[in-house]
Amino acid sequence: MVSLTDFDFVAVEGPIGVGKSSLARLLSEHLRAEGIFEAPDENPFLERFYQEPDKHALATQLHFLVQRVRQLTPVSQKGLFEQRHVADYVMDKDPLFAELNLHPDELEIYREMFRHLREGLPRPDLVIYLQAPVEVLMDRIRQRARPYERHIEAHYLERLNAAYAEFFYHFEGAALVIVNATEIDWVNNPADFEQLVQFLEPIQGGRHYFNPLPITL
């Protein structure tokens, strides 16, 4: 029987504020997997980017690119089969932000670096893509009150949501579960997490849609 534990590398994706890191942490604990998490607090350009995106987009993007390469390189060297992994990002999504934020000449520099650095890095065999409307994202961003996110505007999230939808419309190469995360609270309502795990258990491949009902205890 197919099980969620048959996947060696699970990745959770979605726009800013959708809850991907929280879900990835819960999944890594559930699967007894090694977690791979973005570290936006370590990016010295991020807050400056949200204030002046034209001036700081390239530095912000390249910092994240190098950070992800550093995180994934040991995984490729050890081999996926030695340890299960759960990440809160998909490496191949990285160009999405570059195309959204960089000028054409900067984008060419970035693409050349990405092509070179991406080679040989592992790819997930299950991707969970979380979706939520902009007003939900803005509310969650306000609630977590990270200083470097206080300049994020709804218009930017609208563009980001559209870019994610386009990216995953064409996504292939891994099992894909698209989740409506509008009413879900993984952290404070364990039943929401259990509902998702039950949905994931029989999945082998292909594209699936999960539109959970909110559960109140």
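Here, each number is a calculation from the coordinates, and none is a lab measurement. This is a predicted model, so every value here is computed, not measured. All Cβ positions, even for glycine, are placed from backbone atoms using ideal geometry, and neighbour counts span all protein chains on display.
Would you calculate, for the chain, the mean residue ellipticity at 222 nm contributed by helices, counting each DSSP H stretch of 4 or more residues as -39,500 (n - 2.57) and dividing by all residues, to the nearest 500?
Details: 8 runs with 105 residues, N = 217.
Helix contribution divided over all residues of the chain: -15500 deg cm²/dmol.
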Within-14-Å neighbourhood charge of ALA175 [Cβ basis; K, R +1; D, E -1]: -4
Euclidean distance of C-alpha centroids, the range 134-175 and the range 59-111, integer Å: 17
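Counting pairs of alpha carbon atoms under 8 Å apart in space and at least six apart in sequence, what relative contact order in percent does the range 4-210 give?
Details: 280 pairs, mean separation 63.3, N = 207.
Once divided by the residue count of the range 4-210, the mean separation gives 31 percent.
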Qualifying chymotrypsin sites (Phe, Trp or Tyr not before Pro) for the range 1-60 [loop in DSSP, other Cβ within 10 Å: at most 16]: PHE37
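Rounded to two decimals, what ratio of Rg to Rh does the range 3-93 give with C-alpha atoms and a Kirkwood Rh? Mind showing how you got there, number by number?
Working: Rg = 14.6 Å, Rh = 14.2 Å.
In the range 3-93, Rg relative to Rh is 1.02.
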With at most 13 neighbouring Cβ atoms within 10 Å, loop trypsin sites (Lys or Arg not before Pro) (DSSP) excluded, longest segment of the chain: 33-149
Descending semi-axes in whole angstrom, ellipsoid equivalent of the range 4-210, from the Cα gyration tensor: 26, 22, 15
